[in-house]
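Reading through the structure tokens given below for one structure.
Coordinate-derived values only; no laboratory data. The structure presented is a predicted model; accordingly, all values stated were derived computationally and were not measured. Positions of Cβ are backbone-derived with ideal geometry, glycine not excepted, and every protein chain shown enters the neighbour counts.
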Protein chains: 2
Amino acid sequence: MGELSRRSGVSVPSIKYYLREGMLPAGERTGPNQADYGEDHVRRLRLVRALLDVGGLSVAAAKEVLAAVDGEVSLYEALGAAQDALVSVPEGAEDEASSTARARVDDLVARRGWSVTEENPGRRAAADVLAAYTRLGWPQFGEAIDDYAEAMEQLARREVESVLASGSDDGRERAVEGAVTGTVLGGSLLLALRVMAQADASARLLGEDGTDKSAADR
Amino acid sequence: MGELSRRSGVSVPSIKYYLREGMLPAGERTGPNQADYGEDHVRRLRLVRALLDVGGLSVAAAKEVLAAVDGEVSLYEALGAAQDALVSVPEGAEDEASSTARARVDDLVARRGWSVTEENPGRRAAADVLAAYTRLGWPQFGEAIDDYAEAMEQLARREVESVLASGSDDGRERAVEGAVTGTVLGGSLLLALRVMAQADASARLLGEDGTDKSAADR
């Protein structure tokens, strides 16, 4: 285990934790206090750390994703598990704002002709944002939803094509690993680029002194 | 406090926690075990819950954002605080994959002419994703970075314009509240729509039986 730690850069206590949680398969026992770990273990540890540290998944969400990688599920189901792991939907009370918001999301899905199940967590997560905008007194922010949907539709098709193309010659497990990696880490890449693009837009529109330069343009 | 809990739908233990953490200002004392909470408190509680539950921020990140709302910082600085709260960058060892990835992000920023500081956490977060792709054996996923950047650039300008336009008549604090709300919750809305758009793309390209339909098109 010490050698696995050296080769992967992951600490021994962390490796023990992932073994206990079933995120890393046990090594092959070679003695009472000795087990053999191979290249597969090093690769799996890298995947676990990428999902947690770079993808920002909770341990519970990462376990769901890894279960899909290890399970006998189809590539379609594994992609679905990775997509679902990206949104967490807390339990919340239903009120007028949330039912109106849910109807607006259903309407958007129908308008775009998206093939999305009733249970897709994205529906509820999107409705939660619209309802929060309304409750906080900023309903106009919800008007951007069509711009967001358009942008995500264009990217999603290319993302899914890319993860499918990359895994087609390497067998099911490697293909599923790629699909899961691209889906989860792609979300982090998108948010990282949004942070930079927003910083750029703020600098252009406001300037570092905080003056609203967009007002001057009007 | 019982009445504040009823009006806001937030439990008394949670209210006490937010008071202790300085996320909610103290009420006006009216007796030894009595304090008065006004409409401002109800609104602040809604904002706290939206940042945590809908925005998915950690308590630490939400505190940074609220400090910007309450502080004497400019709208530009408050927007920056909200943007930065959206990415967490864990400490990680520098290796060849990470320095190559950092150079690719610097190159992207230069190519797009983005006005982004050296310290912007989006730089490091984007580089971490590219480095993870390389370490996991999927460097080709990083090729989508220009598509992502293009989409985020278009959205970010509209997002920042929208939060600036909405707050211009309501004074600094309300404007900052709006900027922070739109920035943080907008990220959640984007990811929720990505989940649905990806589910749609998976269904179109793979079908629920897991057959790769894109292969048939080729």
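Some values worked out for this structure:
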{"item": "Nearest 10 degrees, 0 to 90: helix A:121-135 Cα axis against chain A principal axis", "result": "40"}
{"item": "For segment A:104-206: rounded, prolate or oblate by the Cα gyration tensor [a/c cutoff 1.5]", "result": "oblate"}
{"item": "Diffusion coefficient, µm² s⁻¹, Stokes-Einstein with Kirkwood Rh over alpha-carbon pairs of segment A:6-94 at 25 °C and 0.890 mPa s", "result": "169"}
{"item": "Nearby aspartates and glutamates by direct alpha-carbon distance to B:Lys16 (threshold 17 angstrom, same-chain neighbours under 8 apart not counted)", "result": "B:Glu3, B:Glu28, B:Asp36, B:Asp40"}
{"item": "Rounded tilt (10° steps) of A:171-205 against the dominant C-alpha axis of chain A", "result": "40"}
{"item": "For A:Ala197, net neighbour charge (Lys/Arg +1, Asp/Glu -1) across residues whose Cβ lies under 15 Å away", "result": "-2"}
{"item": "Computed [θ] at 222 nm, deg cm²/dmol, chain A (DSSP H ≥ 4; -39,500 (n - 2.57); rounded to nearest 500)", "result": "-21500 deg cm²/dmol"}
{"item": "Average projected area [Cα convex hull, the protein assembly as shown], square nanometres", "result": "24.3"}
{"item": "Compactness of segment A:65-144 - radius of gyration and Dmax, Cα, Å", "result": "14.9, 47"}
{"item": "Förster-model FRET efficiency, 25 Å R0, B:Met1 and A:Ser58, C-beta, rounded to 0.05", "result": "0.20"}
{"item": "Under 5 Å, built H, 5+ apart or other chain: amide partners of B:Ala35", "result": "B:Thr30"}
{"item": "Helix A:39-49 vs. chain A, principal-axis angle (Cα, 0 to 90°, nearest 10)", "result": "30"}
{"item": "Whole-angstrom gap from segment A:25-86 to segment B:46-76, using each part's C-alpha centre", "result": "33"}
{"item": "Chain B - convex hull of alpha carbons, volume per residue in Å³", "result": "185"}
{"item": "Local electrostatic count, B:Met23, Cβ distance below 14 Å [Lys/Arg +1, Asp/Glu -1]", "result": "+1"}
